[in-house]
Amino acid sequence: MYEKIHRLKRQGHSKSQITSKLGIDPKTVAKYYTMDEEEFRAYRREHMFRDKVFEEYEEDILDVYRMNEFQKLNMSAVYDYLEEKYGTLVGTEHTLRNYIGYLIQTEKLQLNEKVRLYTKVPELPFGYQMQLDFGQHRCRSGLTLYIFASVLSASRYKYLIFQDHPFRTKEVIYHLLNCFDYVGGMPQELVIDQDNLMVVSENAGDIIYTSDFKYFIQEQKIRMYVCRKADPETKGKIENLIKYVKGNFLSLRDFTSVDEANESGFTWLKRRANGKISQATKKIPALLVTEERKHLRPLGNSIFRKSSLMGREERIANEKACISVQACSYQLPLKYRNKTVQIYTTKHRLFIFDLYTGEQIIEYELSPIPGRAFSKKELGRDMDKSAPELKGFVLQMFDSKNWKSFTRRNFATFPRYVRDQCLEAKRYFFHQDIDHDILEEALKYCLENDTLSFSNLHDTYAHFHRESHGSGGSIPELQPLECSYQGTHEPVEVNKRSLSVYEKLIGKGKEALT
């Protein structure tokens, strides 16, 4: 301060001008303005060793630090300790802070501060690593934005997306897939911290992932690098990106909707984050990523984006409602005969969708063996109607009291197979030339004998129908088989042992037992 005041004095400034220029108290300017160098040195020597307010508490202060192994302490905690021990203190917390600073400068107090030394991490090759992290920011409008951000370690090419609610695991996977599309491929390694969206626990390097995320990384064959707890420096690139997003993009903008934030965010990515020179590489990420894309792995279809139109292909079902995929045949419901459907395949699964509604029709496990044909039991069912609708339809097929009684008892007897029983009733008795008198006779017989399936009813009806039309007939007598030899070569003679041999053996056995 003395040097600044006298420099301005030599330049011809007055006391008031110096006060205004330096923005300090006029008394300070007046005190130093007339001092020469000898007077200033004497003044410093005098005040350097002047009595200090907290000097009488020096031992207590050092004892506090000694008990805490000379760790850096909260100044208000030290002040509160002295105040509790001695009552009201003369100095303030700020005065205590200055005194402890004096103790450190004079080396009476040496803090045990562990200084972490950092060395610059070698740059990674193209296509090797991507870092991922999350953040949160509250806009002035009150909207809370949840941040998903990633950066390619080599080119520093960045990706950013917001949503207005906390992330769920499947949302993280969905954003990752979109991120891979945005950057143009997948890296070999993904760096994350121990976020519970992806990691359940970690024990000495043994990482347990959440079930969905584990399936995803196995599906896409991504190698994971999970940072240790309380070690954010391991993924410093993405930590810096989160700070950059908050400090450069979000700090000066206010959003009322997440769509508005995402639209502005992608513009900012293109213009600023990926469009300006990176301080780390001294190159523009948007240009450098062109080279990195040559080293990224192509993104395969994922079960987590099967609802997306991306990756779907069209297939035409044949007259049997089957489609061919990888030299295997897969059955569809019959209503899709000769119609076009969409398919979506992952490494192990096949999903088939309606072309117009986009709804999933059926799914199959993909067969590694070509030439096989696959179908499912439910394809033979009438899935257009619910089970209660089918039950109502079957009940109303005939007005007979015995029919309704048989039907209700059938449903009670086969509760797990109601749909199958209804389909059999439709197959055997709907749109068929049914003789109602014979049906009544068959219903009475089945009710009396407790044979309550529609298959048994159909067989009983067919039996009474044959008898009523004189086609029952008697069962033809079975003809005995001809035992004489009819072969093309002479029969082999077989030795025959007399039964007396066995009788003697049985007799010897009885004697041994007695």
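Laboratory data are not the source of any read-out in this text; all were calculated from the coordinates shown. Computed from a predicted model, the values in this text were never measured in an experiment. Here the Cβ is made from the backbone with ideal geometry for all residues, glycine too, and neighbour counts use every protein chain on show.
Please give every one of the lysines within straight-line cross-link reach of LYS320, meaning a C-alpha to C-alpha distance under 17 Å, and leave out same-chain neighbours fewer than 8 residues apart.
Leaving aside lysines fewer than 8 places away in the same chain, those within reach of LYS320 are LYS335, LYS339, LYS376, LYS377.
Ranking request for peptides 59-65, 299-305: highest mean number of other beta-carbon atoms within 10 Å first, then the rest in descending order.
So the order, starting with the most tightly packed, is 299-305, 59-65.
What Kirkwood Rh does region 56-113 have if only Cα atoms enter the pairwise 1/r average? Answer in Å.
Hydrodynamic radius (Kirkwood, Cα pairs) of region 56-113 is 11.5 Å.
Compute, for region 258-404, the length of the dipole vector about the Cα centre, with Cβ point charges of +1 (Lys, Arg) and -1 (Asp, Glu) only. Units Debye, rounded to 20.
540
Let me check I've understood the local charge: for VAL325, count other residues with C-beta under 10 angstrom from its C-beta, Lys and Arg +1, Asp and Glu -1. What total comes out?
0
Farthest toward the dipole's positive end in the chain, which of LEU499, PHE353, LEU143, given Cβ charges of +1 (Lys, Arg) and -1 (Asp, Glu) about the Cα centre?
Farthest towards the positive end: LEU143.
Which entries in LYS235/LYS270; LYS4/LYS31; LYS170/LYS221; LYS237/LYS276; LYS72/LYS246; LYS221/LYS347 show an alpha-carbon gap greater than 19 Å?
Distance filter (> 19 Å) returns LYS235/LYS270; LYS72/LYS246.
What per residue convex hull volume, in Å³, comes out for region 416-465 when only alpha-carbon positions are used?
Spelled out: Cα convex hull of region 416-465, divided by residues, is 65 Å³.
So in the chain, what percent of DSSP beta bridges are antiparallel if you round to the nearest 5?
Around 80 percent antiparallel, to the nearest 5.
What dipole magnitude, in Debye to the nearest 20, does the chain give about its Cα centre under +1 on Lys/Arg Cβ and -1 on Asp/Glu Cβ?
2200
Applying a 10 Å radius around every beta-carbon, put 175-182, 105-112 in order of their mean neighbour count, most first.
Highest-to-lowest ranking by the protection proxy: 175-182, 105-112.
Before rounding to the nearest 500, sum -39500 (n - 2.57) across all DSSP H runs of length at least 4 in the chain and divide by the residue total; then give [θ] at 222 nm in deg cm²/dmol.
-12000 deg cm²/dmol
Please name which of TYR43, PRO415, SER257 has its Cα lying farthest along the dipole of the chain towards the positive end, using unit charges on Cβ (Lys, Arg +1; Asp, Glu -1) and the Cα centre as origin.
Going by the Cα projections, it comes out as TYR43.
Just one of [x] 24.4; [y] 34.4; [z] 23.6 is Kirkwood radius over Cα pairs in Å as worked out from the coordinates here. Which one is it?
Label [y] holds the value from this structure.
Lys/Arg Cβ at +1, Asp/Glu Cβ at -1, dipole of the chain taken about the Cα centre: which of LEU132, SER155, SER16 is farthest positive-ward?
SER16
Where does region 211-365 land on the Kirkwood hydrodynamic radius, alpha-carbon pairs, in angstrom?
It works out to 20.0 Å.
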